[in-house]
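Worksheet for the structure shown next.
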Amino acid sequence: MRGPIVEFTPANFPKGVAENGAIAFLDRDGVLNLGKSTYINSPEELEILPEAPEAVGDLRRLGFRTCIVTNQSPIMRGLWDENQLFVIHERLRQLFLEYDKDAHFDMIITCPHRNRDNCSCRKPNPGMLQLGSELLRKKPMEVFDSKQKIIEIGSKFNAVNWWKEKISPVNELDMMIGDRNSDMGAGWAVGARLFRVPQSIGIKHVRKRIIDNNDKGDYFSPVR
Ligand SMILES: [Mg+2]
Ligand SMILES: [Zn+2]
C-alpha cells in the first residue's frame, strides 16, 4: 500500500540555536489551521489559526525539529492527489513564514488512507511518528533526492498494544500536539508528551506550556 507521503525539508535552526534532539509532532487541521468537516481541498481554504506561526517559531527557537503528521483520507477517496497536497502544503509553509520567519516545518508526513485500508500510518497508529523519528534523527541527515517521497511502511512497524504502559520516548522532550483522541493515541504510542487543544483555538491554547520543558503534558489513556 502506497504511503505515507513524506515531505522532508530539514533546515538550519535560527542563528545561535542548538538542536535539542527532540521532535515536536504537530497535527495540522485544528492545530495549525482551521479544520473543516469537508476537508481542506485547496490552498485557498487554508485559514491559519491565530498565533500558530509564532508557536511553531517558538519551538524552532528552542531547538525542536518540527514534524506535521496529518491524516488526509480524501486522497484515497479519490477526491484529489498528492500534487494537490503539495500545493496546499506549499501555501501553508509560505503563510507560516510570513508571520514568523522561524516557523519552519522540517517534515510533513501525510497518511492518505481510509480507515478500511488498515494501514499502520493512520492515526491513532504511530507509523508516521515512528517514521519521522527515524528520518529526522538520522545522522548525518539523509536528504531525499526530490523533497517529496511516498514511502511504503506496510508492516515494518509493529502493531501497538494499547493495554500496556506508556513507553519511554526516544527523547523525553518529544511532544505531540493535536485536537483529537487519535492524535493523543499516536503520541502516546511513541511515549511523547501530549498536548491537547480545542480545534477552534489550536496550538495557541498550549503556547506557554510547550516551551516549558518541565511540563509533562496531558494525561491520556488509550483504553479508558
Ligand atoms: Mg486535527
Ligand atoms: Zn496510512
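Please treat every number below as a calculation from the coordinates, not as lab data. Bear in mind the structure is a predicted one, so any value in this text is a computation, not a measurement. In this analysis, Cβ positions are derived from the backbone assuming ideal geometry, glycine residues included, and neighbour counts consider all displayed protein chains.
So which trypsin sites (Lys or Arg not before Pro) in the stretch 90-126 pass both tests, a DSSP loop state and at most 16 other Cβ atoms within 10 Å of the Cβ?
Values: sites: Arg91, Arg93, Lys101, Arg114, Arg116, Arg122; in loops: Lys101, Arg114, Arg122.
Loop-located and lightly packed - Lys101, Arg114.
Averaging sequence separations of C-alpha pairs under 8 Å and six or more residues apart, then dividing by the length of the stretch 5-210, give the relative contact order as a whole percent. Display every interim value, and only then the final one.
On the way: 395 pairs, mean separation 62.0, N = 206.
Value for the stretch 5-210: 30 percent.
Between Asn115 and Glu134, the distance separating the two model label sites (each 7 Å from Cα on the Cα→Cβ line) works out to 2.8 nm. Place +1 on the Cβ of every Lys and Arg and -1 on the Cβ of every Asp and Glu in the stretch 1-145, take the dipole about the Cα centre, and give the residue among Met128, Thr9, Pro50 whose Cα lies farthest towards its positive end. Farthest along the dipole direction, towards plus: Met128. Please order Leu135, Leu46 by the number of other Cβ within 10 Å, starting at the fewest. Ascending number of Cβ neighbours within 10 Å: Leu46, Leu135.
Evaluated over the stretch 142-224, the count of Lys pairs having alpha-carbon atoms less than 20 Å apart is 4 (only pairs 8 or more residues apart or interchain).
If R0 equals 45 Å, the separation of the Cβ atoms of Tyr99 and Ile150 corresponds to a calculated FRET efficiency of about 0.90. Extending 7 Å from the Cα toward the beta-carbon at both Val17 and Arg2 defines two label points whose distance is 3.4 nm. Note on Ser73 and Asn213: the model spin-label points, each 7 Å out from Cα along the C-beta direction, lie 4.0 nm apart. Summing +1 for each Lys or Arg and -1 for each Asp or Glu among the other residues whose beta-carbon sits under 13 angstrom from that of Lys101 gives -1. Shape of the stretch 5-210 from its Cα gyration tensor (a ≥ b ≥ c, root eigenvalues): rounded if a/c is under 1.5, otherwise prolate when a/b > b/c, or oblate? In terms of gyration-tensor shape, rounded. Close amide-amide hydrogen proximity is noted between Val69 and Leu26, Asp27, Arg28, Ile109, each under 5 Å apart and 5 or more residues distant or on a separate chain (H modeled in the peptide plane; Pro and chain starts excluded).
The phi torsions of the stretch 25-39, fed into the Karplus equation with coefficients 6.51, -1.76 and 1.60 and a -60° offset, translate into couplings of 8, 10, 5, 9, 6, x, 10, 9, 10, 5, x, 9, 5, 9, 6 Hz, rounded to whole numbers, with Gly and Pro shown as x.
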